[in-house]
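The values are calculated or read from the model by the stated rules, or taken from the named source; none is laboratory data. The model shown is predicted, which means the values in this text are computed figures rather than measured ones.
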Amino acid sequence: SMIVKLCGVALIGLVATSVMKGLKNEMSGFISAVTGLILLGGSIAMLYPIISYMHEITKETGFSVYIETVIKALGIAVISESAADLCRDAGESAIASKTEFAAKIMIIYLALPVIKNLISLAFGVIEG
């Protein structure tokens, strides 16, 4: 299965990075980054069936705004976490923290229309 392949890539990358740290330290960072990008690409490829299934659900239920927001927020979280991890691997934890902060702000921004709809719905129920 795909997860076994991705774990194999991770282990190969780990061994290659460890070996290169002993020989040429500057190459170990490159190998680590390439391994991370391969793993990210494989993981994103596994998301396509999930996203298509969620699109089917939105067509059937009419909750397209909510599910679309969740999908976008998950995408932002995955991409920003991967970028932050690469920054940390390169020794730039300050840039990693700012990347994560920017992603959190973007997710909050995405959620605002959903929050507005929920508040309107709550007032509609209260007013009867």
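Side notes on the structure shown:
- Matching residues in segment 91-123 - criterion: being among the small types (Gly, Ala, Ser) and either closer than 17 Å to Leu39 by Cα or at pLDDT 90 or above (or both): Ser93, Ala94, Ala96, Ser97, Ala102, Ala103, Ala111, Ser120, Ala122
- When Leu6, Leu11 are screened for being under 18 Å from the mean Cα position of the chain (by Cα) and among the hydrophobic types (A, V, I, L, M, F, W, C), only Leu6 passes.
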